[in-house]
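Read-outs throughout are calculated quantities, based only on the coordinates presented, and are distinct from any laboratory measurement. Please read these numbers as outputs of a predicted model, since none were measured by experiment. Heads up, the Cβs are rebuilt from the backbone with ideal geometry, glycines too, and the neighbour counts pull from every protein chain shown.
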Amino acid sequence: MIFRRFLRHIKEGFIGVKRHFGMAISSASAVMITLTMVGVFGILAVNMAYLSKEIEQSISLVAMINYDVQDLSQVATMRKTIEGMNGVDRVEYRTKDQEFDFYNEQYPDMIEFSELYREDNPFHDTFIIYLKDGVALADVRNEVIKINGIDSIEDGGSNTYTLINVLHSARLAGGVLVIALVVLAVYLIYNTIKVTIATRKDEIIIMRNVGAKNGYIRAPFLVEGVIIGILGSILPIAIVIYGYSRLFEMTSGVVAGVLSLVPIMPFVVFLGVVLLCIGVLVGFLGSYISVCKYLRLTR
């Protein structure tokens, strides 16, 4: 009985969309426009966050080990201590000879001059400390410098901390922008659906006068709202999936030659599901709020 009633409401919802096709398309168009905006800015925000994370994870600390630390077991203990710190992704150990060679690779024009100092190598054995999150840079630095046997630390100076703050602010701004667009989408779609329901207030009044209960009156309109939400989300989903896939293929997934975009899969599937859910939810809520309003007015 309940299942048959549920199917009847579904059928009436589709009939309502067909009967008032013009208004349904108008509402679906509002859903389509706003969800397209949400999808585009969602792509920008997620990739901004992805790129900033990638940049932050490339930031590292260089911890110089004291010259008098010669015991490899002590070096291993120091390394294990650093690896156990919050925010540390991995630790790479380099001997002073490896550091010397690394310097020559960075400055090949200076090899003839630098080789004069190889026997009295001035470099330290070092730990290259890679972080999970650039925000942890200062905390990790302060902890590492306390370790017995660490001579000094290079962290890139104030410019590095400024870059981390800028990237963190960019991620936050992107998230706030997407949330603001979702709220705007909800408002615009709700108002459009409200107009659609308002044109059918006589229908609601007639159903109320013949004794229909609120739940029975409300159900077909809720189904219509969900259908409108689905219809309005189809094109935005297609646009963001096709558009992002083309962008990824054109750039080979790399921006400015070094910064990677979020991989196509499963990102576009996730974004498509999110847009569909937003469309359905807003269509349902818009219809629910609007119908409830007219049910109160007709008491």
>> Placing +1 on the Cβ of each Lys and Arg and -1 on the Cβ of each Asp and Glu in the chain, which of 87, 61, 172 has its Cα farthest towards the positive end of the resulting dipole?
In response: 172
> What nm value, rounded to one decimal, do you get for the distance between residue 273 and residue 147 when each label is placed 7 Å out toward the C-beta?
Replying inline: 4.0 nm
> Counting each DSSP H run of 4 or more residues in the chain as -39500 (n - 2.57), what helix-only mean residue ellipticity at 222 nm follows after dividing by all residues, to the nearest 500 deg cm²/dmol?
Replying inline: -24500 deg cm²/dmol
> Between residue 93 and residue 255, what is the FRET efficiency for a Förster distance of 35 Å, r being their Cβ-Cβ separation, to the nearest 0.05?
Replying inline: 0.60
> If the stretch 14-58 were replaced by its equivalent ellipsoid, with semi-axes equal to the square roots of 5 times the Cα gyration tensor eigenvalues, what would those be, largest first, whole Å?
Replying inline: 40, 8, 4
> What FRET efficiency comes out for the pair residue 80/residue 120, r = Cβ-Cβ distance, R0 = 30 Å, nearest 0.05?
Replying inline: 0.45
> For the chain, what number of Lys pairs, 8 or more residues apart or on separate chains, have alpha-carbon atoms under 25 Å from each other?
Replying inline: 20
> Over the chain, what relative contact order in percent results from Cα pairs under 8 Å that are six or more residues apart?
Replying inline: 31 percent
> Roughly what % of Cα-Cα distances in the stretch 67-158 sit above 23 Å, to the whole percent?
Replying inline: 33 percent
>> Using the Cα centre of the chain as the reference point, and only Cβ charges (+1 on K/R, -1 on D/E), how large is the resulting charge dipole? Debye, rounded to the nearest 20.
In response: 4300 debye
> Going 7 Å from the Cα of residue 57 toward and past its Cβ, which residues in the stretch 137-154 have a backbone nitrogen under 20 Å from where you end up?
Replying inline: 137-141
> How big is the chain by Rg and Dmax over its Cα atoms, in Å?
Replying inline: 30.4, 102
>> Filter the chain for me: DSSP H helices, axial length by Cα at least 20 angstrom, mean Kyte-Doolittle hydropathy not below -1.0. List them by residue number.
In response: 2-19, 21-58, 158-198, 214-251, 264-297
>> If R₀ is 51 angstrom, what is the calculated FRET efficiency for the pair residue 264 and residue 102, using the beta carbon separation as r and rounding to 0.05?
In response: 0.90
> What number comes out for the charge environment of residue 119, summing +1 per Lys or Arg and -1 per Asp or Glu over other residues with Cβ under 13 Å away?
Replying inline: -1
